[in-house]
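Below: the structure, in structure tokens.
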Amino acid sequence: MHVLPLILRSDATEYTIRRCSRVAIVGNGPLSEACRKEIRGFEFVARFNGMDNFQPGDPLTLVYLRLDPGTMSFHGMDVALRHRAPALALVYE
């Protein structure tokens with residue numbers, strides 16, 4: 001597996017995981033309001049692919065997108081760009 005970091009904002013260097021003490025890794029499953037509230041307390045929030053449970057206003061620092069070899073595109077790229085993810089990590093084999 002290879003991960004290619006892609007910075008989308010000029011100030012994204014402020015979003016390095018090395019500078020954060022509270023990191024949340026959020027999958028695509030359903031989230032309760034209690035979970036959303038807890039996630040808001042983290043400094044760094046990483047999400048994946050289509051971000052199925054993402055709502056506007058939710059924290060977002062980094063999105064991991066995997067390559068779909070059938071279409072030669074990264075699954076969820078449109079969603080990540082629409083929600084202005086500060087940084088992307090493109091994952092491919």
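So the values come out like this:
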{"quantity": "Highest-first arrangement of 29-35, 60-66, where packing means the average Cβ count within 10 Å", "calculated": "60-66, 29-35"}
{"quantity": "Taking segment 27-93 and dividing mean pair separation by its residue count, relative contact order in percent (alpha carbons under 8 Å, at least six apart)", "calculated": "30"}
{"quantity": "Inter-label distance, nm, simple model (7 Å from Cα along the C-beta direction), ASN28/ASP52", "calculated": "0.6"}
{"quantity": "Accessible carbon and sulfur surface of segment 39-90 relative to its total accessible area, %, 1.4 Å", "calculated": "54"}
{"quantity": "Tensor-based shape of segment 18-69 (alpha-carbon gyration tensor, a/c under 1.5 rounded, otherwise prolate or oblate)", "calculated": "oblate"}
{"quantity": "Segment GLU38-CYS20, extension gain: residue separation times 0.36 nm, minus the distance between their alpha carbons", "calculated": "4.9 nm"}
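The values are calculated or read from the model by the stated rules, or taken from the named source; none is laboratory data. In this text the structure is predicted, and so the values were computed from the model without any measurement. For neighbour counting, all protein chains shown are included, and Cβ atoms are generated from backbone atoms with ideal geometry for every residue, glycine included. Surface areas here come from the heavy atoms of the whole protein model, side chains and all, with no ligands, DNA or RNA. Shrake-Rupley method; radii C 1.70, N 1.55, O 1.52, S 1.80 Å.
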